[in-house]
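Before any comments, here is the structure.
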Amino acid sequence: MNKIKVFSKNLPGVAVALVIAAIAKVLEELLPIHLIGASVIALFLGMIINHFVRPSALIAGGLKFTSKKVLKFAIILLGASLSIGTVLEIGKMSLMVMCFTLLTCFGGGYFIGRALGLNWKLSNLISAGTGICGGSAIAAIAPVIDAEDTDIAYAMSATFLFDMAMIVLFPIMGQALGLSDMAYGLWAGTAVNDTSSVVAAGYAYSEGAGDFATMVKLTRTLAIIPTVIIFALVEVNLKRKATAGSKEQGDVKTNVKFVKIFPWFILGFVAMAVVNSFGVIPDEVSSAAKTVSKFLMVAALAAIGLNTSFKDMKKSGIKPMVHGFIISALVVVVAIAVEYCMGII
């Protein structure tokens, strides 16, 4: 009976998020060129609705359920479309470039975030979105560090705006540099954030470049696994320190255990990827799982948008956008520099 009550309580909010997700998917398909992914469209649709009508108590619980629980389930399903063997197919060449871009994102992002006075959660969400795979990485890490919906929306916006510029500029820069399809595909696959943006920038150059860029992008997605685990360790360490501080002040609390805070959903993600690597999952099922995962992720971002106010975002000012621009620009430069040093260019 309790489960039925929970289901009926969350159903209205989940339904609203699913409807907005469906509208976002339709709008994405109506675009002549897929420059903007449905996840970004859903996020902004939710925020626009929130600006005029705040979520009522009837749907509030369901929106929270969608942005947390449904999102985790979507991440697990995403694993069914990936293969651990993809890393080997791409080769050491792309892994080397990705190692440097990830170090740039999280290393440089740490210092830039501190210089701009941003909270560490927002700073790292922007770095993760830039270094790994845009919205998917932000969505996977957010529940692990208990990020605010406003931080998630800001991180998504920062990576989205830079992607829009890169879709136009990357093919132009690639032609100016005289890059081969492989060199350009590796550059776009490691420096552009969201999957839809990588595809748009890649195939705008050539079909070969688009294929290679997409494959590199899938390899980047696998970086979600260690990144989420690392952030879970950071979060539990911070909570333990906070608990210890409360005890010193006389407020008795239980110790924070890693077992309770560990992102168990990421194990589901890994398990699905491993199973898929052995060819156990039929291609049709894998494709369907990816489609459902992407749609549920869009619904989760719609729920996040509905809980996010433009007024709240304005309080953070322009600094998060500056952070996103600097990190993204550094990744573009570092990626092409590493390719040059490796003799690919």
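The values are calculated or read from the model by the stated rules, or taken from the named source; none is laboratory data. Predicted, not measured: the structure shown is a model, and the values here were computed from it. Backbone-built Cβ (ideal geometry, glycine too); neighbour counts: all protein chains shown.
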Item to complete: Would you please list the contacts, defined by Cβ atoms under 7 Å and residues six or more apart or on different chains, that run from a residue in the range 323-337 that is over 14 Å from G129 (Cβ atoms) and surrounded by 19 or more Cβ atoms within 10 Å (Cβ to Cβ) to a residue that is modelled with pLDDT under 90 and of a type in the set (A, V, I, L, M)?
Response: V332/A191; A335/V97; A335/A191
Worksheet item: From the list A24, A15, A57, which one is within 28 Å of A223 (Cβ to Cβ), of a type in the set (A, V, I, L, M, F, W, C) and over 16 Å from the mean Cα position of the chain (by Cα)?
Response: A24
Discussion item. Between S309, S277, S287, which is surrounded by fewer than 20 Cβ atoms within 10 Å (Cβ to Cβ) and at pLDDT below 80?
Written reply: S309
Worksheet, complete the sentence: (1) out of contact with any Leu (no Cβ under 8 Å at 6 or more places or on another chain); (2) under 19 Å from C105 (Cα atoms); (3) of a type in the set (D, E) all hold for D151 apart from (1)
Practice prompt. Would you mind telling me which numbered condition in (1) touching a residue at least 60 places away in the same chain (Cβ under 8 Å); (2) more than 30 Å from I318 (Cβ to Cβ); (3) in a helix (DSSP H, G or I) S83 fails?
Written response: (3)
Item to complete: Answer yes or no: is there a residue in the range 238-256 that is among the charged types (D, E, K, R), part of a helix (DSSP H, G or I), surrounded by 15 or more Cβ atoms within 10 Å (Cβ to Cβ) and modelled with pLDDT under 80.
Response: yes
Item to complete: Sort out which residues of the range 183-210 are more than 21 Å from the chain's Cα centre (by Cα) and surrounded by fewer than 24 Cβ atoms within 10 Å (Cβ to Cβ), and write them in order of number.
Response: A183, Y203, A204, Y205, S206, E207, G208
Discussion item. Please return the ranges of helices (runs of 4 or more DSSP H) entirely within the range 88-207 where 1 or more residues are at pLDDT below 80 and among the hydroxyl-bearing types (S, T, Y).
Written reply: 92-103, 135-141, 149-177, 195-205
Discussion item. Restricting to the range 25-55, and then to whatever is of a type in the set (G, A, S) and farther than 20 Å from T150 by Cβ, can you tell me which residue is surrounded by the fewest Cβ atoms within 10 Å (Cβ to Cβ)?
Written reply: G37
Response to the item:
Restricting attention to the range 15-47, the residues that are modelled with pLDDT of 90 or more and among the β-branched types (V, I, T) number exactly 5
Item to complete: Evaluate the following for F231: is it at pLDDT below 75, farther than 30 Å from Q175 by Cα and within 20 Å of the chain's Cα centre (by Cα)?
Response: no
Practice prompt. Among what's in the range 116-143 and is β-branched (V, I, T) and more than 13 Å from E235 (Cβ to Cβ), pick the residue that is surrounded by the most Cβ atoms within 10 Å (Cβ to Cβ).
Written response: T130
Worksheet item: So V298 fits all but one of (1) surrounded by 15 or more Cβ atoms within 10 Å (Cβ to Cβ); (2) under 11 Å from Y154 (Cα atoms); what number is the exception?
Response: (2)
